[in-house]
Amino acid sequence: MAPDRKLDPVDFLNLDAQLGDEERLIRDTVCTFVADKVTPHIADWFEHGRFPVELAGEVAQLGLLGMHLRGYGCAGTNAVSYGLACTELEAADSGLRSFVSVQGSLAMFPIWKHGSEEQKAEWLPRMAAGEVIGCFGLTEPDHGSDPADMRTYAKRDGSDWILNGTKMWITNGSIADLAVVWAQTDEGIRGFLVPRGTPGFSAHDIEQKLSLRASVTSELVLDDVRLPADAVLPEVAGLRGPLSCLSEARFGILWGAVGAARTCYEAALEYATTRVQFGKPIGAFQLTQEKLAWMLVELGKAQLLALHLGRLKDSGGLRPQQVSFGKMNNVRIALDIARQARTILGANGVTLEYPVIRHMNNLESVLTYEGTQEIHTLVLGEAITGLSAYR
Amino acid sequence: MNIVVCVKQVPDTWAERKLRSEDKTLDRESVDGVINELDEYAIEESLRIKEAHDGEVTVLTMGPEKAAESIRKALSMGADKAVHLVDDALHGSDVLQTSYAMAQVLRKIGFDVVILGSESTDARMGALAAMLAERLGVAQLSLANKVEIDGGTIRTQRVADYGFDRVEASLPAVVSVVEKINEPRYPSFKGIMAAKKKPVDKLGVADADIDAAKVGLTGAATEVVDFVAAPPREKGTIVKDEGDGGQKVAEFLASKKFI
Ligand SMILES: Cc1cc2nc3c(=O)[nH]c(=O)nc-3n(C[C@H](O)[C@H](O)[C@H](O)COP(=O)(O)OP(=O)(O)OC[C@H]3O[C@@H](n4cnc5c(N)ncnc54)[C@H](O)[C@@H]3O)c2cc1C
């Protein structure tokens, strides 16, 4: 790289140089796609609480769905590429990234990892193609952070299973063709594949949500749902099943949050250099510069962390506790950056004309789902002290 | 069908572009390179022809090492292989020399149809297609916004001020395409993963029977004598609408000879 090249205010540490050609091309492709198809409409979708389900086909055509899985019509990229794609998606909106995370890491991954050959062949190619949309039902109205204690129960009836219970806060719930539902059984927690239209199974959207408005969140009701023996994921029992999926999804989130933060920082930087008060751009005031410099440093650290964890994952050495480290830091910092950016935009910061408050509101969900800040703190606490503080 | 699509890497249109003071050529190193926008339409059109008629799409790029990025992208979109003409001797070639060098390569690799964008966003000569056709002794179908191939015949629609012409020729031929002829596809991730396994044939001038004396800055028929930096953009004019806003805007446009 030529030494006289200007410092990039966004990629200040020149992390671009750490990426391979393929990784860069994947990132740039998602970035262009999002600029063409999402950014021009996202404020509208958010305002009207609409998820653009019609984009699923195009998102699939790029290869975004289950992109880091191998075989069954999936692209089979490395983990860093998956992360970069999440960053670009979430730079547009956390809702879009949530859709892709849920499909790839929470619905396809459990089938890919814990499913039978028949289940994989039946579902994965159609899910990669966006023809079948999936969701992941773990959380219940009374069991969020503590899913081990869930109430949804699957009882044997001959070779069939009968499921009863309610799942809450389920992303993609009402648009899903296939729900991966986790339920208590006599053998511990197991995963079940519940197709849309199965008698006794229904989904209802959660209304009046002020975060992730361009994403569908639903309640799933299972009322004596009868499933055949081959609906259960055969290869896993216990909380390990859902947790293995969450670790995959959290990996995408810790990259995604970087995208949301980047968009807020860019908006603030642009605003600070053009908005004039007291006769000069507000970016010329020391207080504003302090905010911008703080954002720059925290954004850079989050980018470095994401890339480091991505490289660890690609070399096979990433531990779930390290994913907690990344999810906890990057989402918290992204939310702080969004809030700081909001102040720089003044009154404009509260409108959908600028992306900041939308990201800020979205990040409140991202902070809570996939393990709250508190829970990840306890994961780290346990990892370093050997003492569990959950109960 | 043997389809060759010419792809040029140009400096990102959004970046600040500079000429190098030492030899008054474009500084291609300090800015990001992208595929010339019109060439993206050419790539898409070549892929559509391949999909409709079977055959193979070869990317032909003349440019520095860095242009390999653009070749990669074209291969990711679905082209089958590439020829990269890269040699220090080519630096600073003008359009006449470029057409000579590329025609030499095209003779060597053979083609049924050569597709390219009607101009590049850096030099904006818009003459390469005509020169290639002339040197190769084949028909040129310029400014196409529609291309159809039927056996050994190619038919295009050529855009003109008054509408369009229907043009027909027999293959082999050279076609230049305009914007909006199609909607270029995004590279798919599978395409991106497959691209690195596709063959890229790197040729120097000697490999392509190009006479080094006939290319490059010193022998160019055109010369950049001098250049000045573009003046900074002037402050915009704000028109206050006091009932006569429309008229004021019209007067402003007229004063700038836009209307
Ligand atoms: C938009 C959205 C989409 C979602 N999508 C999905 C989905 O697709 N699938 C799915 O299964 N779930 C989904 N969720 C649910 C999400 O995972 C849960 O909300 C999350 O796990 C927290 O559970 P809870 O809301 O019940 O909060 P609770 O667990 O009740 O926690 C409330 C508060 O108490 C704190 N707390 C709890 N236990 C402790 C402790 N031991 N020590 C200290 N503090 C503690 C929490 O950190 C939190 O601050 C989604 C949520 C949202 C908002």
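For this structure, a couple of remarks:
- When we screen A:Ser218, A:Ser174, A:Ser211 for residues that are more than 14 Å from chain B (Cβ to nearest Cβ), under 19 Å from A:Pro141 (Cα atoms) and away from the ligand (no atom under 11 Å from the Cβ), the only hit is A:Ser174.
- Scanning region B:182-197 for residues that are open to solvent by less than 80 Å² (accessible area, probe 1.4 Å) and within 13 Å of another protein chain (Cβ to nearest Cβ) yields B:Pro184, B:Arg185, B:Tyr186, B:Pro187, B:Ser188, B:Phe189, B:Gly191, B:Ile192, B:Met193, B:Ala194, B:Ala195.
- Among (1) open to solvent by 70 Å² or more (accessible area, probe 1.4 Å); (2) away from the ligand (no atom under 16 Å from the Cβ) - the single one A:Gly197 does not satisfy: (1)
- Cβ-Cβ distances below 7 Å connect the following pairs, each with a first residue in region A:119-141 that is of a type in the set (Val, Ile, Thr), a second residue that is away from the ligand (no atom under 15 Å from the Cβ) and part of a helix (DSSP H, G or I), and a separation of six or more residues or different chains: A:Val132/A:Trp123; A:Val132/A:Arg126; A:Ile133/A:Ala56.
- Restricted to strands (runs of 3 or more DSSP E) entirely inside region A:145-241, those with at least 3 residues that are outside the structural domain of A:Thr39 (by TED's automatic domain parsing) and either of a type in the set (Lys, Arg) or farther than 26 Å from A:Thr368 by Cβ (or both) are A:153-157, A:160-171, A:188-195, A:217-227.
- Filter result (open to solvent by 60 Å² or more (accessible area, probe 1.4 Å) and either free of Cβ contacts under 8 Å to residues at least 12 places away in the same chain or in a strand (DSSP E or B) (or both)) within region B:110-133: B:Arg124
- When region B:51-85 is filtered for residues that are open to solvent by 30 Å² or more (accessible area, probe 1.4 Å), away from every other protein chain (no Cβ under 14 Å) and part of a loop (DSSP other than H, G, I, E, B), the ones remaining, listed by number, are B:Asp54, B:Gly55, B:Asp80.
- Flag if A:Val225 is more than 14 Å from the ligand (Cβ to nearest atom), touching a helix residue (DSSP H, G or I) at 6+ places or on another chain (Cβ under 9 Å) and in contact (Cβ under 8 Å) with a residue 60 or more places away in the chain: no
- Those residues of region A:155-171 which are among the small types (Gly, Ala, Ser) and away from the ligand (no atom under 16 Å from the Cβ), in sequence order: A:Gly158, A:Ser159
- Each residue in region B:205-234 was checked for being within 23 Å of B:Gly110 (Cβ to Cβ), in a loop (DSSP other than H, G, I, E, B) and out of contact with any helix residue (DSSP H, G or I) (no Cβ under 7 Å at 6 or more places or on another chain), and 1 of them qualify.
- Any chance A:Arg275 is assigned by TED's automatic domain parsing to the domain that holds A:Val323 and basic (Lys, Arg): yes
- Selection status of B:Val200, within 14 Å of chain A (Cβ to nearest Cβ), touching a strand residue (DSSP E or B) at 6+ places or on another chain (Cβ under 6 Å) and open to solvent by less than 80 Å² (accessible area, probe 1.4 Å): yes
The values are calculated or read from the model by the stated rules, or taken from the named source; none is laboratory data. Quick caveat, the model's predicted, so the values are computed rather than measured. Cβ coordinates were reconstructed from backbone atoms using ideal geometry, including for glycine residues, and neighbour counts include every protein chain displayed. Just so you know, the surface numbers come from the protein's heavy atoms only, side chains and all, with ligands and any DNA or RNA stripped out. Shrake-Rupley method; radii C 1.70, N 1.55, O 1.52, S 1.80 Å.
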